[in-house]
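First the structure, in the form of structure tokens, and then the observations on it.
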Amino acid sequence: MAGANPFQSLLKEINVNGETFHYFDIASFPEYRELPYSVRVLLESAVRNCDNFQVLEKDVRGILRWKQLKGTPTSDDELEIPFKPARVILQDFTGVPAVVDFAAMRDAVLKLGGDPDRINPICPSDLVIDHSVQVDFARSEDALAKNQDLEFERNKERFTFLKWGAKAFNNMLIIPPGSGIVHQVNLEYLARVVFQDAAKEGAARMLYPDSVVGTDSHTTMINGLGVVGWGVGGIEAEAVMLGQAISMLLPEVIGYKLVGKLNPLVTSTDLVLTITKHLRQIGVVGKFVEFFGPGVSELSIADRATISNMCPEYGATVGYFPVDKNALDYLRQTNRAEEKVRVIEAYLKATDLLRDFGNAEQDPVFTQIVELDLASVVTSVSGPKRPHDRVAVSEMQQDFRQCLVSKVGFKGFAVPEAEMSAEGSFSWTDGKTYALRHGSVVIAAITSCTNTSNPSVMLGAGLLAKKAVEAGLKVAPYIKTSLSPGSGVVTYYLKESGVIPALEELGFNVVGYGCMTCIGNSGPLDDNVANTIEKNNLVCCGVLSGNRNFEGRIHPNTRANYLASPLLVIAYALAGTVDIDFEKQPLGTRPDGSAVFLRDIWPTRAEIQTVEQKHVIPAMFRDVYEKVELGSDSWQGLNAPTGKLYPWDTQSTYIKRPPFFDGMTRELPKIGNIVNARALLNLGDSVTTDHISPAGSIARNSPAARFLSDRGLTPRDFNSYGSRRGNDDIMARGTFANIRLVNKLVPRPGPRTLHIPSGEEMDVFDCAQRYAGEGTPLIALVGKDYGSGSSRDWAAKGPYLLGIKAVIAESYERIHRSNLVGMGIVPLQYLAGQNAESLGLTGQELFSIAIPESCKPHERIPVSTDCGKQFEVIVRFDTEVDLEYFRNGGILNYMIRKMID
């Protein structure tokens, strides 16, 4: 059981603003100053929470040995450590299933004879209803109001359920819909940087670093403000909320040194795309990246947050910028109270957590150091299918043309020579005829948390739009343009700076505050456009200021998608094509017939900064956020149920009690072998959670659509998978439903597979159901980097509901492997140099996997097939805690048993 903290002697007092606070003096350890700043935060959490039960004294000593264990690239000793984050942040996408699971856990605890009140958040949770807005109304003055009304109409039940959850569970702060994207709200409003815990009666308040885990992989955006945090699956977040420590391996920390200054014409987006490609090449999956060097001081907090936001795209656990004076100034700029900022600064100084990037004497030890000269960064985009495939804009035309003819892959479409000049035309409502070709832009969206938190690129886009309008340039009316800011503050300063009219003139109307085009919610293209693309088999393009462009994610009709700065989104929209050399070809002509080149309308960094300093002020943040928790009239008018147990509606297609705890017993189930399993899927490399987890619109010919139709819903009411994440019937049917899924068991891409031994090709869900009826267990064969992308818990929950017992992969993305373990699915890994192809596996074999009762982390176990092939795999239980979760059938089952002991 928990005991006294052995480090109580480190508890010190500090007086700020006439008030006395307590804190643990972690800087007094002799090893402290050699630790990376991110590791210092892990250390403080371990010291403060040390009870020799969940967090042991030896855990603290282990973290202090970081230099010996991880201080060089050759130091590969693995040490498991516990980490208790200060808080959890949930977005609506994953907040709904988290609250659903909590409600179902209460039911299960009651059924097993326990006290359901014990299922209550212990760790504070911030829940932002960052709802996924379908851009049905673009290029409309009242697009924002129409979209928000439509969202409330479509998602009233979901919002009502979350409002119930905020009342039913303690310690949960909810930010209503229409407030902004979760990560920007976290940055501008929710982040504490240093927690100032409410004092117990008669005791001084405790100070400790803010840290967070969130149910979105881009939780890392908060690293830009000096808050250690990363994305986890919803199931892992729920365990943290219930007081469970995260079990992790002591990380390597890559020191990323920034020197020099950015060219005045490049943006933070160009910088982040450069860093993303660089770090992917180095290989930082599962590692911490910590930025240092004099170049960091040249970057605003918004610039740093943009870099940290893309951390999942370069594969690290965190992309961390320690707190410095610029961060403290940002807190003031965003209207954080001055007395709180003084406390934050005093605590950081007392614990040597305040960084001066110009002082090399403060540089800690790193596992490895890599360097980037900011002056080397050039204007860039990334694509056409992956965020780390950076292309210099000066080489874009040549690169795109090469992609057209290259074989099908991440950089290829294999367009036949005879079809290279394919073209289709259509008539528009303005009476004009327009033509589409390979490279034509049909979606241009300033969207997603990556860039919209950054005034420099948002105001830069506005200034570029203003100059474009003054030069007489226009965007073709068939291009679906939209602007979805990350918070109301963005709209505020865009209006105050006078650039909104120009943006609207070019079609970039504010359409809502939420995840939109970046998650596939751009809405439908006009039928004339879609039909022309399909009829002529054109490789048309989406250009967006988001963070992900995986196949099938943005829109079914945009086979090529490029990530770009908000400025370049507008530039490519004006050009109407990505098949352009901006240096040699004009964007258009002025009324007098003279050519307008991109360089003529591109604002300099100095121009942007002048506008930013004038218009981005604390009063804006005060006005936007002082009433943010109240929400709109629609939100305030929602009548939510009361009571500790949720009154489930068995007819609901939005909120349903999940079956995860059906048949659960107090006793642990026995570990059993997987015998005579079939491969439901045989997949290749870089299968992302976009391929696995339901996302975007519900296709009309899908199993989920059939399920909804059978319940009387029309396609107009199908809504999106994101909106229905609280209903397992929908989500199971949408698992592996991506139209670009390449399954080697069938001849064409799509959500199909082969039933064996009948040889019948079927939808993945239907095939899984058939196997279940036959009593056949299932596995999946996959390649490298399985589960990269978003930290979607449904990418594990969905396969679990399909009956998948194990996955055999060449390698896993960190969060997804953890999520599989959390659902009781066994993550197995081929031995180095082996894969399905090298072993001669077709996926049509019967597989038997021997899992020993005394299984150990990283143990090798045998796999045999009915065709006589045998091979060994590594069990990717990385820690003893992973094994404990597996033995319980998953992390939530473990927590329930813990609650009723």
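The values are calculated or read from the model by the stated rules, or taken from the named source; none is laboratory data. Only a predicted model underlies this, so the values are computations on that prediction, with no experimental measurement involved. Counting neighbours? That spans all protein chains shown, and the Cβs are built from the backbone with ideal geometry, glycine included. What goes into the accessible areas is simple: the full protein's heavy atoms, side chains included, and nothing from ligands, DNA or RNA. Shrake-Rupley method; radii C 1.70, N 1.55, O 1.52, S 1.80 Å.
With n ≥ 4 as the cut-off for DSSP H runs, can you work out [θ] at 222 nm for the chain, using -39500 (n - 2.57) per run divided by the number of residues, rounded to the nearest 500?
-9000 deg cm²/dmol
If the convex hull of the alpha-carbon atoms of segment 657-710 is projected onto planes in all directions, what is the mean projected area in square nanometres?
Projected over every direction and averaged, the Cα hull of segment 657-710 covers 7.3 nm².
Quick one: which residues, 5 or more positions from V441 or on another chain, have an amide H under 5 Å from its amide H? H modelled 1.01 Å from N in the peptide plane, none for Pro or chain starts.
The list, which skips near neighbours in sequence, is C541, T577, V578.
Around I175, which amide H atoms from residues at least 5 apart in sequence, or from another chain, sit under 5 Å from its own amide H, with H modelled in the peptide plane?
HN-HN under 5 Å from I175: L127, V128, I129.
What does the convex hull of the Cα atoms of segment 124-198 come to per residue, in Å³, rounded to a whole number?
Dividing the Cα hull volume of segment 124-198 by its residue count gives 98 Å³.
Run through the DSSP bridge list for the chain and note the antiparallel percent, rounded to the nearest 5.
So the antiparallel bridges amount to about 45 percent of the total.
Mind checking which aspartates and glutamates have their Cα closer than 14 Å to the Cα of K784? Skip sequence neighbours fewer than 8 apart in that chain.
Straight-line reach from K784, under 14 Å: D685, E810, E813, E837.
Which three extents, in angstrom, do the Cα atoms of segment 2-123 have along their principal axes, listed largest first?
Result, largest extent first: 51, 48, 32 Å.
Could I have the simple spin-label model distance between S376 and C867, label points 7 Å from Cα toward Cβ, reported in nm to one decimal?
Label-label distance for S376 and C867, simple model: 4.7 nm.
Can you compute the label reach from K535? Point 7 Å from Cα along the Cβ direction, backbone N cut-off under 20 Å, restricted to segment 404-445.
419-443
Which of the residue pairs K163/K644; K58/K898; K385/K805; K277/K411; K70/K277; K163/K656 have a Cα-Cα distance greater than 20 Å in the structure shown?
Where the Cα-Cα span goes over 20 Å, the pairs concerned are K58/K898; K385/K805; K70/K277.
Evaluate segment 694-734: find the radius of gyration of its Cα atoms, find its Kirkwood radius, and give the ratio Rg to Rh.
Ratio value, two decimals: 0.89.
About the Cα centre of segment 694-734, what is the dipole size in debye to 20, counting +1 per Lys and Arg Cβ and -1 per Asp and Glu Cβ, all else neutral?
Here the size comes out at about 100 debye.
Mind jotting down a quarter of the surface of the convex hull over the alpha carbons of segment 857-901, in square nanometres, one decimal?
Averaged projected hull area, Cα only: 4.0 nm².
Over segment 491-591, what portion of Cα pair distances is larger than 17 Å, expressed as a whole percent?
61 percent
Which trypsin sites (Lys or Arg not before Pro) from segment 214-292 combine a DSSP loop assignment with at most 10 other Cβ atoms within 10 Å?
Sparse-neighbourhood loop trypsin sites (Lys or Arg not before Pro): none present.
Bin width 5 Å, alpha-carbon pairs only: give the P(r) of segment 155-296 as whole percents, running from 0 to the bin holding the largest distance.
2, 7, 11, 17, 19, 15, 11, 8, 6, 3, 1, 0
Tell me the carbon and sulfur percent of the accessible area for segment 87-376, rounded to whole percent, probe radius 1.4 Å.
Percent of accessible area from carbon and sulfur atoms in segment 87-376: 48.
For an R0 of 45 angstrom, estimate the FRET efficiency from the Cβ-Cβ distance between A772 and D51 and round to the nearest 0.05.
Between A772 and D51 the formula returns 0.55.
Using Cα-only point scatterers and the Debye equation, what is log10 of I(q)/I(0) for segment 87-376 at each q in 0.07 Å⁻¹, rounded to two decimals?
Computed log10 I(q)/I(0) values: -0.30.
Could you give the C-alpha radius of gyration of segment 80-125 expressed as a fraction of 2.2 N^0.38 Å, taking N as the number of residues it contains?
Cα Rg divided by the expected 2.2 N^0.38 Å: 1.36.
Which ³J(HN,Hα) values, rounded to whole Hz and listed in residue order, are derived for segment 647-656 from phi using the Karplus coefficients 6.51, -1.76 and 1.60 in 6.51 cos²θ - 1.76 cosθ + 1.60 with θ = phi - 60°, glycine and proline given as x?
Computed from phi, the couplings for segment 647-656 are x, 4, 9, 5, 8, 5, 9, 10, 10, 9 Hz.
For the chain, what is Rg from Cα atoms divided by 2.2 N^0.38 Å, rounded to two decimals?
Computed over Cα atoms of the chain, the ratio equals 0.91.
Check the straight Cα-Cα distances from K614 and name the lysines below 18 Å, setting aside those fewer than 8 residues away within the same chain.
Excluding near neighbours in sequence, the set is K466, K495.
Above 22 angstrom, tally the Cα pairs of segment 216-347 and express them as a % of all pairs, no decimals.
Beyond 22 Å sits 42 percent of the P(r) for segment 216-347.
If S448, S818 are ordered by their accessible area, calculated over protein heavy atoms with a 1.4 Å probe, which sequence runs from highest to lowest?
S818, S448
Run down the aspartates and glutamates and flag those whose C-alpha is under 17 Å from the C-alpha of K156, throwing out any fewer than 8 positions away in its chain.
D92, D130, D633, D649, D717
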